[in-house]
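Have a look at the structure below, then the notes.
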Amino acid sequence: MKYPMFKVHINSDETLKQLEPVLNSGFVNEGEQVTELTDYFKNWFDHEQTISLNSCTSALTLALKLSDVGPGDEVIATSMTCVASNTPIHTFGAKVVWTDIDHRTGNINPDTIEELITPKTKALLCVNWSGLPCDLEKIYDICEKNNIKFIQDAAHSMGAEYNGKQVHHFAHYTCYSLQAIKHITTGDGGLLVVNTNDDDYQRAKALKWFGIDRDSTKDEKGEWKGQRWEMDVVEAGFKFHMNNITAAIGLSQIPHMDTIIESHRNNGLLYEEIFSDEMFVSGLSYPKESSPTFWVYTAILSEHLDRDKIIQELNDEGINAGLVHVPNHYYTCFKDSFTDLPETDYFNKHQISLPCGWWLDEKDIRHIAKSLLQKCEENSIIRK
């Protein structure tokens, strides 16, 4: 594709420079590079209680564990997301309770939440679709009022802001992705930001590695001091830690991180400007007090258009438009939670996502937008 939906920002020389000392050290497990990357994000997030992990799914799993979700419990969640957002709920033996979105935003409609809360509800999980923040304060207040945990899947929204602060300041637990096609990548990786208390943070650090707090067993380079068999395991955990190889890949991108995110943001805002007065294409809405980071740019096409035909025509021209996710409530693994979600279905039927990343300049964005509008106009004439 001439205009791909996703492209990894990796400079081979810079990446190899970070990788070489790791590969030559004989120690590739969690160590010095993981500590350095974690410290960077602690500073960048302005939040000390940040943990590096091997995936965003692992971060979500830990967040659910910290929320004491177990068999028979319920977690309110959006269906309009990657299936990896919701499979951890299923893994704990809990029931997913779907809440509808607002098709104008792609995000959870806060007005649908409270009617779904029962004595079994332990948490609510939201996703900031395509990097557009949800109405975070309203959702947080609902969760606090009802004594349930607010888990935020911020896989799409690295660097996004709400009320002048990054989005993790508005949830109990926030999970970021460093997966292969996100704003910043470690190949595979994730981050958990704990915004409750230090006990939860210390518990999460232990749970990420079988139940052992590696920080208490490492020297300044991250290598073992003492012996493993001297450690006690109070609570059984997981194998979710990041390793030095993936951390080194992430460190090679850190110098470019702000530029990458700003490119996504500016490209998304340019799409918004172009589509602002168009009859065939509507951009998504988001809280006026927020600043999105547009992992992709998602728009809604007019009802009478053949969305799938338009996507195919754009693909034929080298524009990798498409659907990044489809509703989870239709998956067989969630059949016991099925319910009608009319706004989600409408969004899914008419959504289209466009490339929006750092590899595209203003000329590219204007070309993609012009091509989409042309296809819409042609399609509209044919279908009349």
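Taken together, the values in this text are just the output of simple stated rules run on the coordinates, not laboratory data. From a predicted model like this one, the values you see are computed outputs, not experimental measurements. Cβ atoms come from the backbone with ideal geometry, glycine included; neighbour counts cover every protein chain shown.
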inquiry  = To test your reading of the geometry: what angle, between 0 and 90 degrees and rounded to tens, separates the Cα axis of helix 244-253 from the longest principal axis of the chain?
reply    = 50
ask   = Non-local amide H neighbours of Tyr297 (under 5 Å, H modeled in plane, Pro and chain starts lacking H): which ones?
value = Leu354, Cys356
ask   = How big is the gap, in Å, between the Cα center of segment 236-287 and the Cα center of segment 311-336?
value = 19
inquiry  = At 7 Å along Cα-to-Cβ for each site, give me the label-to-label distance between Glu273 and Glu317 in nm.
reply    = 2.1
request  = Round to the nearest 10 and give me the degree value, 0 to 90, for the angle of helix 362-383's Cα axis relative to the longest principal axis of the chain.
outcome  = 50
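Between Asp336 and Lys370, what FRET efficiency follows from the Cβ-Cβ distance if R0 is 41 Å, with the result rounded to 0.05?
Details: r = 46 Å, r/R0 = 1.12.
It comes out at approximately 0.35.
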note = Along segment 60-71, Karplus-curve 3J(HN,Hα) (6.51, -1.76, 1.60; θ = phi - 60°) to the nearest Hz, with x for Gly and Pro, reads 5, 4, 5, 4, 5, 5, 5, 7, 6, 6, x, x
ask   = By the gyration tensor of its Cα atoms, with a ≥ b ≥ c the square roots of the eigenvalues, what is the shape of the chain: rounded for a/c under 1.5, prolate for a/b over b/c, or oblate?
value = oblate
note = In nm, the gap between the two label points placed 7 Å beyond Cα toward Cβ at Lys145 and Asn11 is 5.0
ask   = Once label points are set 7 Å from the Cα along Cα→Cβ at both Asn163 and Asp306, what is their separation, rounded to one decimal in nm?
value = 4.8
task = Would you mind ranking Glu343, Glu272, Glu303 by Cβ crowding within 10 Å, fewest neighbours first?
result = Glu303, Glu272, Glu343
inquiry  = Just to confirm my numbers, what's the Cα centroid distance between segment 44-77 and segment 172-211 in Å?
reply    = 7
key: Likely footprinting exposure, Phe280, Phe347, fewest C-beta neighbours within 10 Å first   = Phe280, Phe347
message = As I understand it, the value is the acute angle between the Cα axis of helix 307-316 and the longest principal axis of the Cα atoms of the chain; what does it come to in degrees, rounded to 10?
response = 80
Whole-angstrom gap from segment 80-112 to segment 4-21, using each part's C-alpha centre = 33
